[in-house]
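No value in this document is a laboratory result; all are computed from the given coordinates. Remember, predicted model here, so these are calculated numbers, not experimental data. Here the Cβ is made from the backbone with ideal geometry for all residues, glycine too, and neighbour counts use every protein chain on show.
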Amino acid sequence: MDTDLVVAVSQIATGIATLVVALFLAGQLIMQRKQLEMAHQDAQRELGFSHRTRNEQLTLARITNDSLLDAYLKVSKGDEDASEKEVHKFVSYMRTSYLQMINAWDLGYYGDNVELVKGTFGNLMGSVGERKYYITNGRIIIDTVFQLPKLRELGDIVYEELEGRPVST
């Protein structure tokens, strides 16, 4: 009878120990999940900060480099007298801006915020020359090279709102 009692007590002790270990591991999983959520939030904040910093750098490059600014102003207003060099500077600047937007789109920076995307497009298509760039280059980069039809659709909507007519296909 003593052995039956010892076996019963041992089984109860083992069960309690197993329960304690299971509770400890469950607590560890909960803490780990919270840490992963915080790390994800930090990554999202860092992505947003990096995106805004890069946009600021592009803007500063345009306004602090007189040569780029002159080319940008000339081509963006649709000046037909722009030199090949000025057009090249403008196109390179716009391509970089579009690639920045596409990277942010691919990384999920915009999330489901359609208005934020449309606002970005609005900044990229505020002038006649910028809208011409969208038709001749930007749209092709978005749709053909990166194959982002939803992003192109939003770009087309903004183009139509600004230009007063739809994109001719």
inquiry  = Looking only at residues that are surrounded by fewer than 21 Cβ atoms within 10 Å (Cβ to Cβ) and among the polar types (S, T, N, Q) in segment 77-128, which one is farthest from LEU154 (Cα to Cα)?
reply    = SER83
Of all residues in segment 38-87 being within 21 Å of the chain's Cα centre (by Cα) and among the acidic types (Asp, Glu), the one that is farthest from TYR98 (Cα to Cα) = ASP42
request  = Search segment 133-153 for residues that are under 23 Å from LYS74 (Cβ atoms) and pair each with any residue that is surrounded by 13 or more Cβ atoms within 10 Å (Cβ to Cβ) and acidic (Asp, Glu) when their beta-carbon atoms are under 8 Å apart and the residues are at least 6 apart or on different chains.
outcome  = ARG139/ASP156
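With respect to ASP4, is the statement that it is among the acidic types (Asp, Glu), part of a helix (DSSP H, G or I) and exposed (fewer than 10 other Cβ atoms within 10 Å of the Cβ) true? Steps first, please.
Numbers: among the acidic types (Asp, Glu): yes; part of a helix (DSSP H, G or I): yes; exposed (fewer than 10 other Cβ atoms within 10 Å of the Cβ): yes.
Criteria met by ASP4.
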inquiry  = I need the full set of residues from segment 129-140 which are surrounded by fewer than 20 Cβ atoms within 10 Å (Cβ to Cβ), farther than 16 Å from GLY164 by Cα and not hydroxyl-bearing (Ser, Thr, Tyr), in order please.
reply    = ASN137, ARG139, ILE140
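Taking the stated definitions as given, is SER67 among the polar types (S, T, N, Q) and within 14 Å of TYR133 (Cβ to Cβ)? Working first, answer last.
Values: among the polar types (S, T, N, Q): yes; within 14 Å of TYR133 (Cβ to Cβ): no.
In short, no.
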request  = State whether one or more residues within segment 35-49 are in contact (Cβ under 8 Å) with a residue 40 or more places away in the chain, in a helix (DSSP H, G or I), surrounded by 10 or more Cβ atoms within 10 Å (Cβ to Cβ) and in contact with a Gly (Cβ under 6 Å, 6 or more places away or on another chain).
outcome  = no
